[in-house]
Amino acid sequence: MLRKEEGKILKSITDFMGEGVQITENPKSLERKEEEFFCNLLEAITTLDERTLQLLEIGIDLTLYEDPLHHIIEGLIYKYYGQVKAQIIMWWVLSYPEKEKGKNLTLRLNDGKEHIINTPKQLYRVLKKIKI
């Protein structure tokens, strides 16, 4: 099987490796992609919220238009991350404006330890510690 991509001819991996070869991605690579996805998701959500607040300040209210999109995003977060982690994520998103005012966002887990989570990456690492 030959494919053309950007002027190059690419051969199927089975031509090189043979039939029945299975290729799996490195677990570290998968973890890095998961973290990158999570950080991009939270950055997009906070950017949308900031934009909405800026528009409200100048008298433009698009909340009726944006609410269904926010419900979809929130629903997918609950579906993908589960109830407990999703609640923490939504708390962080809603608390994000406080961080912008210079306050640290701190989360205390059941083990009594407090974690400062001012960035999506910090939140991701704390969520990884939660075993459910």
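Read-outs: derived from the displayed coordinates by stated rules, not from any lab. For clarity, every value in this text was computed on a predicted model and none was experimentally measured. Glycine also receives a Cβ, built like all others from the backbone with ideal geometry; neighbour counts cover every protein chain displayed.
Before rounding to the nearest 500, sum -39500 (n - 2.57) across all DSSP H runs of length at least 4 in the chain and divide by the residue total; then give [θ] at 222 nm in deg cm²/dmol.
After summing the helix terms and dividing by the residues of the chain, the value is -21000 deg cm²/dmol.
Among the lysines in the stretch 25-129, how many pairs, 8 or more places apart or on different chains, have alpha carbons under 21 Å apart?
25
Neighbouring Cβ atoms within 10 Å as the yardstick, rank S95, S29 fewest first. Walk me through the intermediate numbers first.
Working: S95 15, S29 9.
Going from sparsest to densest Cβ surroundings: S29, S95.
Specify the angular offset, from 0 to 90 degrees and rounded to the nearest 10, of the alpha carbon long axis of helix 27-57 from the longest principal axis of the alpha carbons in the chain.
40
What number, in percent, do you get for the relative contact order of the chain if the mean sequence gap of Cα pairs under 8 Å and at least 6 apart is divided by its residue count?
On the way: 67 pairs, mean separation 22.4, N = 132.
Value for the chain: 17 percent.
Within the chain, which is the longest segment that contains none of the GluC sites (Glu not before Pro) sitting in a DSSP loop with at most 12 other Cβ atoms within 10 Å?
Maximal segment without exposed cleavage sites: 26-132.
The stretch 44-111: which trypsin sites (Lys or Arg not before Pro) are DSSP loop and have at most 10 other beta-carbon atoms within 10 angstrom?
On the way: sites: R51, K79, K85, K99, K101, K103, R108; in loops: K101, K103.
When the trypsin sites (Lys or Arg not before Pro) of the stretch 44-111 are filtered for loop state and at most 10 Cβ neighbours within 10 Å, K101 remain.
Angle between the Cα long axis of helix 63-81 and the longest principal axis of the chain, 0 to 90 degrees, nearest 10?
60
Positive end of the charge dipole of the chain (Lys, Arg +1 and Asp, Glu -1 on Cβ, about the Cα centre): tell me which of A86, I73, A44 has its Cα farthest that way.
Farthest along the dipole direction, towards plus: A86.
In cubic angstrom, how much convex hull volume per residue do the alpha carbon atoms of the chain span?
So the per-residue Cα hull volume is 201 Å³.
For the chain, find the longest principal axis of its Cα atoms and tell me its angle to the long axis of helix 83-100, 0 to 90°, nearest 10.
It works out to around 60 degrees.
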